[in-house]
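The values are calculated or read from the model by the stated rules, or taken from the named source; none is laboratory data. Fair warning: this is a prediction, and the values are worked out from it, not measured in the lab. Virtual Cβ from ideal backbone geometry, glycine too; neighbours counted across all protein chains shown. These area figures cover heavy atoms from the full protein model, side chains too; ligands, DNA and RNA do not enter into them. Shrake-Rupley method; radii C 1.70, N 1.55, O 1.52, S 1.80 Å.
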Amino acid sequence: MDGQTTSEKAILKLDGQEVELPVITGSEGEKGIDISTLRKTSGYITLDPGYVNTGMTRSSICFINGEEGILRYRGYPIEQLAANSNFVETSYLLIHGELPNPEEYERFRQSLRHHSMIHEDMRHFYEGFPSSAHPMAILSAMVLGLSTFYTENDDPEQDDNIDLTVCRLLSKVRTLAAFSFKKSIGQPFVYPDNSLSYCGNFLHMMFRVPAEPYHVDPEVERALNLLLILHADHEQNCSTATVRMAGSAMTNLYACIAAGITALWGSRHGGANQAVLEQLAIIHENDGDVSRFVKLAKDKNSSVRLMGFGHRVYKNYDPRAKIIKEACDRLLDHLGVQDPLLEIARKLEEVALNDSYFIDRNLYPNVDFYSGIMYRAIGIPNDMFTVMFALGRLPGWIAHWTEMRQDPDDRIHRPRQIYTGARLRDYPV
Ligand code: CMC
């Protein structure tokens, strides 16, 4: 792992004292001040709500330059992976650090195929959930449930076959996600067909019904591969940081992923893809009047935000949104779908990109802005969008958990605070 200490030093003046802090440089030249000894040497901590300026780790998995709109997995530009790779290969790359050679790729694929089924007893868990349950709640509960069947990772330090745990997770989460969908629409579960590809098998479990044949459309399979690749990692985002936070306590991988899923569910994070479509539908129901909605999103007295716009890191067009926008046109053309919500999305984007409120704050469409329209065209309902995000983000979460396990600096994550509550007082007797 890179992240070299340089000869440069930061000097902090506190109480007439000078504290010297090392400066760290990453492999792409980004700089950070190492404050790990600050409290010990000065008694001070740093305060950074939302961790806007805080680097929680060194990592070699994903590089983002938010100002220039750059995203790379293990050094490979997202545009090249989107054009040439598939989700299984990209998952291998993220988790193992290098693209697989043909034998490694085949072994990995084979293992994913082999672990596609869930324990039959787990099928009965679904009977206990109301059919109105949000599939993210079911997914998180079911992934945690995996840890009750596969206990080899209970103590991550003793798990000498982590590759098995990883393949089980990658393969079974796909089955759990498809079963959640079937549960929500009252259809029987469809077992995996291991003659199909990773994405083909998922589509088969989602859309096949016992009464009719189902053929995987290669264009839909390609679109799904692309969407999953684009979501596969995004360095220290809220859910990945959650996976790391839980993992730092030596929690098993299944439980950490379940925690990541709950963090992803929120509308400021992965839940935004569902919220985008809900907003577009509201605009559609209100005569497609985009400007009224934009006005509301700019009004500081309203809580409305333009969902699918803005990003903590990107202060430029999200490179994933660019790729999705093109793929969305291609997919809808292929399927012959005319979606009025796509028209509204395009209008909304145009209005927002020319509005000084959004220009001044560098608010551009993010990955969630067009992805929902693609999922909708494939036949995936709104409340499953965030589940799709989770399926895509899974290899990233696993890669970060694994990297943390191998990091010599790994220790429990335990932030500090500035206490602002009542001072010492006596309990009334
Ligand atoms: N619509 C209207 N105003 C916005 C929006 C928006 N979508 N996003 C940010 N702003 C304004 C915000 O009100 C603030 O204005 P001011 O400086 O006048 O107070 C300014 O822009 C900076 O916003 P912030 O909340 O300080 O930015 P943040 O980095 O804390 O939040 C964000 C980032 C993604 C949570 C936020 O932009 C947002 O809520 N966007 C909508 C939800 C969304 O699309 N989320 C998906 C993110 S990408 C995928 C993922 O990470 O899961």
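Observations, loosely collected:
- Test: residue in segment 383-403 that is within 13 Å of the ligand (Cβ to nearest atom) and more than 21 Å from Glu89 (Cα to Cα): yes
- Candidate set: segment 369-402, residues that are under 20 Å from Val337 (Cβ atoms) and in contact with a Lys or Arg (Cβ under 9 Å, 6 or more places away or on another chain); chosen: the one surrounded by the fewest Cβ atoms within 10 Å (Cβ to Cβ): Asn382
- Positions within segment 403-429 being part of a helix (DSSP H, G or I), open to solvent by 30 Å² or more (accessible area, probe 1.4 Å) and touching a residue at least 24 places away in the same chain (Cβ under 8 Å), in sequence order: Arg405
- Odd one out for Ala82 among (1) more than 30 Å from Arg320 (Cα to Cα); (2) open to solvent by less than 40 Å² (accessible area, probe 1.4 Å); (3) modelled with pLDDT of 95 or more: (1)
- Selection status of Leu144, of a type in the set (A, V, I, L, M), open to solvent by 60 Å² or more (accessible area, probe 1.4 Å) and either in contact (Cβ under 8 Å) with a residue 40 or more places away in the chain or within 23 Å of Tyr92 (Cα to Cα) (or both): yes
- Any hit, segment 215-235, residues being within 10 Å of the ligand (Cβ to nearest atom) and in contact with a His (Cβ under 6 Å, 6 or more places away or on another chain): no
- Breaking point among (1) part of a helix (DSSP H, G or I); (2) surrounded by fewer than 18 Cβ atoms within 10 Å (Cβ to Cβ); (3) aromatic (Phe, Trp, Tyr), for Phe179: (2)
- Residues satisfying the stated conditions in segment 204-216, i.e. crowded, with 16+ Cβ neighbours inside 10 Å and without any contact (Cβ under 8 Å) to a residue 24 or more places away in the chain: His204, Arg208, Val216
- Enumeration of residues in segment 186-202 that are in contact (Cβ under 8 Å) with a residue 24 or more places away in the chain and of a type outside the set (Gly, Ala, Ser): Phe189, Tyr191, Pro192, Asn194, Tyr198, Cys199, Asn201, Phe202
- When Ile359, Ile412, Ile373 are checked against the criterion of being among the β-branched types (Val, Ile, Thr) and away from the ligand (no atom under 16 Å from the Cβ), a single residue qualifies: Ile412.
- Criterion: in a helix (DSSP H, G or I) and surrounded by fewer than 24 Cβ atoms within 10 Å (Cβ to Cβ) - qualifying residue of Val220, Val243: Val220
- Taking the criterion of being at negative phi, outside any helix (DSSP H, G or I), touching a residue at least 12 places away in the same chain (Cβ under 8 Å) and within 9 Å of the ligand (Cβ to nearest atom), the residues of segment 298-344 that qualify are Leu306, Met307, Phe309, His311, Arg312, Val313, Tyr314, Asp318.
- Hits in segment 252-273 (condition: assigned to a helix (DSSP H, G or I), within 13 Å of the ligand (Cβ to nearest atom) and open to solvent by less than 30 Å² (accessible area, probe 1.4 Å)): Gly260, Ile261, Ala263, Leu264, Ala272, Asn273
- Criterion violated by Phe149 - all others in (1) in contact with a His (Cβ under 7 Å, 6 or more places away or on another chain); (2) under 30 Å from Thr25 (Cα atoms) satisfied: (2)
- Exactly one residue among Asp121, Asp154, Asp163 is open to solvent by 70 Å² or more (accessible area, probe 1.4 Å), of a type in the set (D, E, K, R), more than 25 Å from Ala223 (Cβ to Cβ) and modelled with pLDDT of 95 or more, and that residue is Asp121.
- The set of residues from segment 182-208 being not aromatic (Phe, Trp, Tyr) and not in a helix (DSSP H, G or I) comprises Gly186, Gln187, Pro188, Val190, Pro192, Asp193, Asn194, Ser195, Leu196, Ser197, Arg208.
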